[in-house]
Amino acid sequence: MDFSYSPKEEAFRKEIKDWLAENMKELPRWWFDPNVLGPDLDSPEMHQFNLWWHKKLYNAGFVGINWPKEYGGRGATLLEQVVFSEELAKHRAPGPTNGLGIGWCGPTIMSYGTEEQKKRFLPKILTAEEIWCQGFSEPEAGSDLANIKTRAVDQGDHYIVNGQKVWTSGGHYSDWAVLMVRTDPNAPKHRGITYLLLDMHAPGVTVRPLRQMTGHSEFNEVFLDNVKISKSLQVGETNRGWYIAMGTLEFERSGIGATVMRENVVKDLIKLAREMKRNGEPLSKDPVIRQKIAQFYIDVNVLKYTGFRALTGQLRGERPGPETLVGNLFGVELNQRLQDFAMHLQGPYSRLVRGSKYAIEHGDWQYRFLRSRGNTIETGTSEIKRNLIAERGLGLPRSGR
Amino acid sequence: MDFGLTEEQEMLKTSARDFLEKECPRAHIRAMMENELGYSSDLWKKMADLGWLGLVFPEEYGGAGMRFRDLTILCEEMGRVLLPSPFMSTVLLGGMALLTAGTEEQKKEFLPRIASGDAIFTLAVLEEDGDFWPEGIQLKAVSRGDEYVINGTKSFVWDAKAADYILCAARTKRTANPEEGITLFIVDAKEWGVYASPLKNMDLLRKQFEVTFTNVPVPNKNIVGELHQGWPVLQQVALKAAAALCAEMVGGGEKVLEITVSYAKERIAFGVPIGSFQVIKHKCADMFGALEYARSLMEWAALSVDEDASNAAVAVSMAKAYCGDAYKKVCDEGIQIHGGIGFTWDHDMHLYFKRARSADTAFGDGNYHRELIAQSLG
């Protein structure tokens, strides 16, 4: 066992640290100081801020760290990607934008796309000149994703697509989408799906933002009405789209960046527990609160070392096993518990949200608390993940749900 | 960066598993439940021959010179089969204390005998109040020339009947600081005045005793570590024992999961295997998750102890709290998924269930360790 990083990775870490020390000075005050009100999350100002910071990261060579150089990446190792995520989170710096494009759509095109598609799309994903979203879920295809109904009819050199997508995160400012469509309605449902790339600005595409329980609009409904998609935008073989969507990809599996972010939340909770008082005593002296905070501290270390185990497997070239899934499941459920506990610490102040001058840290905690309820639904519900762990990891029989 | 077992460690694991599956079948466990000593001397000898008893002792003391992390691999395998043996008492408690704080003469005298299987040790720390705090140590040792005389009662002592030597924590001085004035003695268990009476135990595979010491003389040369300075040694021993218990718990928990999953695949209800019901799948997935998380912390803790890392104490506290909770949860669900059969004496599930309880409360339960963690956070 060896927890250390090589000199090459440590040199890269130093480069990141130096860069952050210099460039984080340019971040607006609201980024550092929770008591200064920043732009609202779904505002155009916030989108501009994300693009501005992304460009700086990109110019410094910190976007697409383990992407090949020919597509605009750094061509560095997986571990260097891990080091970057770790440092970014440790410094509490903003990350790159276009996460879905960089983490999901790009790697899919890289693995299954044509040379022409790679040249056309990959560089602009990294620069965030083109923002990507994902058109998978539908009103009748959530957990049962293979049940999609959006129909693509073969017209020779193109398809005509009709249907509806839903929960499309970032759809309202995206330029392109990865899309699953039904091309063979008579085949078994997993075998009649094709993977296409959709121009979100094409005629017949209508995007309608949905409002979430946080009050914000991050995701959308997307309506497709006789949308023409050229066959040059098909990824992989016809009717093999399901396997392409499921086959993705060489992600960084450890989630180390996310782990450090959770660790930051625990630190913030400790600070909160010291500041909040009940009956004249800081909450950090309450034995029950101490037990809970200690448990959270244990939990972030569970996440960390489960991440290291997943990373070890990946570095040894093993296929992703159920330990990747349990790590992910633990992470999202932990975030819900952390945010819920923050509300508990705040007592009556937990009721105050952004806009109240008495809200703690302008209601950021309240936003995160409400947003965390989505964590166990997005990217597959926790129930679906448990099914996968039981069936793929433990070999229990597949069955009707 | 590599957080996994080496090839040699994988081999150790495989050979330990094969050996224990063969040597410690169900019938052996059932026999040992009824046995007062709680172990088989034949099997103990075989373990000595394999080099297990001296695994981490330096070669000059008859050991194999391997690392603590290697030792935890054995503990994991022993936990899987609930091996009834004084291994934990002898190697982790006695051997580790001598290795950590013993004099050269003590190491030369005892470690080779432990390694060869000729000396069984145990540790007597806890008393009436049952907690691992310095305040709890009240049993008195009084100086009388070139020896001390011990009087008092220890409780929750593992394997005392099997032991040839009892490492006894005694109060030799009273000061305002309870950590001061505790001394560790090697007591010959065959000494007249040492009496071990069995405690009626829930976990029948790890025997516990109350041990009374009546005017027991111990030569000064049998003091382990400094006079009055036994507490830090005990903390070191407890740290290693807790890390080893974590390995034992993860091993046991994984076996419970295997038994339960295979039952869920075979047991038919409403015409289908119960493992096809989502409610059973989710329980199994959670058991699997809990064990994966426990393993992550256990391996980290074992490695921290192995490397004597500065954060070893916090790492072990985290692992001990988590593994205890995980093992209990896995056994709770294991019994539930088995239904009535899991509630019977004949099924092995209750043996794991009871071990989970006895291991969780040994060397600090979850609440104890979480409070230590809270203190470390300031």
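Observations, loosely collected:
- Scan of region B:331-364 for residues that are of a type in the set (D, E, K, R) and either in a helix (DSSP H, G or I) or within 17 Å of B:Arg206 (Cα to Cα) (or both), ordered by number: B:Asp332, B:Glu333, B:Asp348, B:Lys354, B:Arg355, B:Arg357, B:Asp360
- Exclusive hit being more than 10 Å from chain B (Cβ to nearest Cβ) and touching a residue at least 60 places away in the same chain (Cβ under 8 Å), set A:Gly393, A:Gly317, A:Gly355, A:Gly347: A:Gly347
- Scanning region A:203-230 for residues being at pLDDT below 95 and not in a loop (DSSP other than H, G, I, E, B) gives a total of 0.
- Qualifying positions in region A:18-34 - surrounded by 14 or more Cβ atoms within 10 Å (Cβ to Cβ), of a type outside the set (Phe, Trp, Tyr) and part of a helix (DSSP H, G or I): A:Leu20, A:Asn23, A:Met24
- Each residue in region A:352-369 was checked for being more than 24 Å from the chain's Cα centre (by Cα) and farther than 19 Å from A:Arg211 by Cβ, and 8 of them qualify.
- Every condition in (1) assigned to a loop (DSSP other than H, G, I, E, B); (2) crowded, with 23+ Cβ neighbours inside 10 Å is met by B:Leu5 except one, and the failing one is (2).
- Residues satisfying the stated conditions in region A:367-390, i.e. more than 8 Å from chain B (Cβ to nearest Cβ) and among the small types (Gly, Ala, Ser): A:Ser372, A:Gly374, A:Gly380, A:Ser382
- Any hit, region B:283-294, residues being more than 10 Å from chain A (Cβ to nearest Cβ), surrounded by fewer than 23 Cβ atoms within 10 Å (Cβ to Cβ) and more than 28 Å from A:Asp268 (Cα to Cα): no
- Being surrounded by fewer than 21 Cβ atoms within 10 Å (Cβ to Cβ), outside the structural domain of A:Asp33 (by TED's automatic domain parsing) and assigned to a helix (DSSP H, G or I) holds for only one residue in A:Gln366, A:Gln336, and it is A:Gln336.
- Within region B:86-135, being modelled with pLDDT under 95 and among the hydrophobic types (A, V, I, L, M, F, W, C) holds for B:Phe132, B:Trp133.
- Candidates A:Ser230, A:Ser254, filtered to the one that is more than 14 Å from every other protein chain (Cβ to nearest Cβ) and of a type in the set (S, T, N, Q): A:Ser230
Each row is one residue, and each column tells you yes or no for (1) in contact with an Asp or Glu (Cβ under 9 Å, 6 or more places away or on another chain); (2) closer than 23 Å to B:Thr175 by Cα; (3) buried (at least 17 other Cβ atoms within 10 Å of the Cβ).
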site	(1), (2), (3)
B:Ser89	yes, no, yes
B:Leu92	no, no, yes
B:Leu99	no, no, yes
B:Glu104	no, no, no
B:Lys107	yes, no, yes
B:Thr122	yes, no, yes
B:Gly130	no, yes, no
B:Pro134	yes, yes, yes
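- Here the strands (runs of 3 or more DSSP E) wholly within region B:103-206 that include at least 2 residues being over 18 Å from the mean Cα position of the chain (by Cα) are B:140-144, B:147-158, B:165-171, B:182-188, B:194-198.
- In region A:328-344, the residues that are more than 8 Å from every other protein chain (Cβ to nearest Cβ), of a type outside the set (Val, Ile, Thr) and closer than 24 Å to A:Asn387 by Cα: A:Asn328, A:Gly331, A:Glu333, A:Leu334, A:Asn335, A:Gln336, A:Arg337
- When residues of region B:295-314 are limited to those that are facing another protein chain (nearest Cβ under 8 Å) and not charged (D, E, K, R), the one surrounded by the fewest Cβ atoms within 10 Å (Cβ to Cβ): B:Leu303
- Among the residues here, B:Ala362 qualifies as within 23 Å of A:Pro287 (Cα to Cα), more than 14 Å from every other protein chain (Cβ to nearest Cβ), in contact with a helix residue (DSSP H, G or I) (Cβ under 9 Å, 6 or more places away or on another chain) and buried (at least 18 other Cβ atoms within 10 Å of the Cβ).
- Test for A:Ala294: is it over 28 Å from A:Ser111 (Cβ atoms) and assigned to a helix (DSSP H, G or I): yes
- Residues that are free of Cβ contacts under 8 Å to residues at least 60 places away in the same chain, more than 16 Å from B:Leu74 (Cα to Cα) and surrounded by 14 or more Cβ atoms within 10 Å (Cβ to Cβ), drawn from region B:36-50: B:Ser40
- Test: residue in region A:183-202 that is surrounded by fewer than 20 Cβ atoms within 10 Å (Cβ to Cβ) and in a strand (DSSP E or B): yes
- Filtered residues of region A:142-162 (kept if buried (at least 19 other Cβ atoms within 10 Å of the Cβ) and in contact with a Lys or Arg (Cβ under 8 Å, 6 or more places away or on another chain)): A:Ile148, A:Thr150, A:Ala152, A:Tyr159, A:Val161
- Restricting attention to region A:285-299, the residues that are within 7 Å of another protein chain (Cβ to nearest Cβ) and among the hydrophobic types (A, V, I, L, M, F, W, C) add up to 3.
The values are calculated or read from the model by the stated rules, or taken from the named source; none is laboratory data. Note that this is a predicted model, so its numbers are computed, not measured. Cβ atoms come from the backbone with ideal geometry, glycine included; neighbour counts cover every protein chain shown.
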